[in-house]
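Structure record follows, encoded as structure tokens.
Read the figures in this text as sums done on the coordinates, not as results from a lab. All figures in this text were calculated on a predicted structure; none of them were measured in a lab. All Cβ positions, even for glycine, are placed from backbone atoms using ideal geometry, and neighbour counts span all protein chains on display.
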Ligand code: 13P
Ligand code: SF4
């Protein structure tokens, strides 16, 4: 059966049954070791307030062109409706850099994205993140100190001089700064191939941080390297758990880090959905494991996933392996196509979900009062190096 012939169930997407996965909704707390900040000052409006939408609209109207709201594709519906622009992390970085007239950038996304926006905007602009605890567990898997220790191990092995660090956007400003300082660049899921090709024009090895899966998927599937060309550096082991010879022979040194959301998808999920829905297209984000990506039909960033569904013929069927807020919205936008979630259980990004309507209202109303809360401000020296790495990415052909 061809895809066009496969049966279509209008608005086929249904909410998977919930799991005991804890979602961090309105919590507060403190995690000074994390790449993100903590705590939200003042009293949040209750989530039950029936006027939240009206309050957000009124605050945004009062602020007018002084405020620009960016929304990542994984944000909740209740938040994304207030975004002036939505996008993947690459598009949002470009949009932030292209808004010099906005006094306030409200970043509805996670901490590393807001940091990048702060780095790419001028000193007279203020970037805020409506909940400072909206971090990214993957970004937290590479601390500045760990990465500098790893670099020292590369130096001791005599390979650092030929190695170009490439960091995924999902990393702290400090890691981006390290990368810029050492001749490397930032990449996102939509330009990782071009970034790696650029890096291999500058050196003979790449040190890829902090997502081993994006690094491996890009190196092997896009650049034609072998799995054996890649080694995994485990920051919790002496010398990364690697011998000097392994470091010398490797073409790509992958940091041992991953996304806990995309790590839930398995090759069995792909087999299972293909058995249940013959002819289905499997479309996944490149943060999924190599084994999952190898079994999928299409791989790409959140923006790519949206574009693919926009272009797909009516009647086609799609299993999507990425965060649930996005999959639900894509399904709702395409009632003429069958859209299912690749895994059967809930798969929200709990930190993306921390930005909810009460936090957004709280943020916007504070700005109306003249209170700048939840500001993201990157240390100027770190920012200077990180800007170099980000600008190398933005300049990629
Ligand atoms: P995109 O760059 O594809 O939006 O991905 C960001 C992200 O955090 C995915 O987990
Ligand atoms: Fe980080 Fe994964 Fe959430 Fe993306 S989906 S922000 S990589 S934890």
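Give, in nm to one decimal, the length gained when the segment between residue 268 and residue 202 is fully stretched (0.36 nm per residue of separation minus the Cα-Cα distance).
19.9 nm
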Inset, instruction - For region 139-258, state what percent of all Cα-Cα pairs lands in each successive 10 Å bin, counting from 0 Å until the bin that includes the largest distance. - result: 15, 54, 30, 1
Inset, instruction - Mind giving me the FRET efficiency for residue 243 and residue 48? R0 is 45 Å, r the Cβ-Cβ distance, nearest 0.05 is fine. - result: 0.15
Inset, instruction - Determine, for each peptide in 349-360, 245-256, the mean count of other beta carbons within 10 angstrom over its residues, then list the peptides with the highest first. - result: 349-360, 245-256
Inset, instruction - Report relative contact order for the chain in percent, whole number only (criteria: Cα-Cα under 8 Å, sequence separation at least 6). - result: 27
Legend entry - Per-residue [θ]222 nm for the chain (sum of -39500 (n - 2.57) over DSSP H runs n ≥ 4, rounded to 500): -10500 deg cm²/dmol
Legend entry - Packing-based ranking, highest mean first, of 135-146, 117-128 given that Cβ atoms within 10 Å are counted: 135-146, 117-128
Inset, instruction - Please compute the Cα-Cα pair-distance distribution of region 43-177 with 10 Å bins starting at 0, giving whole percents from short to long. - result: 11, 35, 28, 16, 7, 3, 0
Inset, instruction - Give, as ranges by residue number, the residues of region 122-155 whose backbone N falls under 15 Å from the point 7 Å along Cα→Cβ of residue 260. - result: 133-142
Legend entry - For region 262-341, the fraction of alpha-carbon pairs in successive 5 Å shells from zero, as %: 3, 17, 31, 27, 18, 4, 0
Legend entry - Pairs of alpha carbons in the chain whose separation is greater than 25 Å (percent): 57
Inset, instruction - Take every DSSP beta bridge whose two residues both sit in the chain, then give the antiparallel share in percent to the nearest 5. - result: 5
